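Rule-based calculations on the coordinates, nothing more; no lab input. Owing to the predicted nature of the structure, the values given are computational and were not obtained by experimental measurement. Cβ sites come from the backbone with ideal geometry, for glycine too, and all protein chains shown count toward neighbours.
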Amino acid sequence: MQIQSRFDIFEPGDLTALVCLDVPEVQRIVVDQLVQLGYKLHTGLFVEDILVKLGAHTYDVVIISEHFNASDVESNPILAAAINAPADQRRNQIVVLVGASFVTNDEMQAFQHSVDLVIGLADVVNLRPVLRRATLRSEEFFGPYIEALKAEGRI
């Protein structure tokens, strides 16, 4: 099985996701669940391609493999670019880190890696409900802040 490249056309108001997984079986499972949730997707095969996509579009969800392109979490250039995005972009995204060393929904692991959600490899089949909860939680957390920014005319 090979990694599939996907480049959906986005319209204003679409839910969008960038999938950075280089294990074909895991990528297929994640893509299927995101499509069921109504997301339009971009996938990437090369680090440079993904970095350009991250810079060009603010995705609602960015899913990154901890070992994408044979890197480790500390040296993963995609993870570094996602978590170091400008604040106005970062607060509108949910960054999900997927890997065998993670415990799904472990808030300390997520905090340690500056992401919104971690998912263990064994729990990838349960991405849909986990991501739905994370999205609702993010909206509850950032909603009042974004409303205050709008009221001040900053966005």
**Item:** Qualifying GluC sites (Glu not before Pro) in segment 85-155, DSSP loop, other Cβ atoms within 10 Å at most 15
**Value:** 152
**Message:** Report the rotationally averaged projected area of the chain based on its alpha-carbon convex hull, in square nanometres.
**Reply:** 9.0
**Prompt:** What 222 nm value per residue comes from the helices of the chain, counting each DSSP H run with n ≥ 4 as -39,500 (n - 2.57) and dividing by all residues, nearest 500 deg cm²/dmol?
**Reply:** -12500 deg cm²/dmol
**Request:** Could you tell me which GluC sites (Glu not before Pro) in segment 1-90 are loop residues by DSSP with no more than 16 other beta carbons within 10 angstrom of their beta carbon?
**Result:** none
**Prompt:** Along the charge dipole of segment 1-79, Cβ charges K/R +1 and D/E -1, which of 36, 47, 23 sits furthest on the positive end?
**Reply:** 36
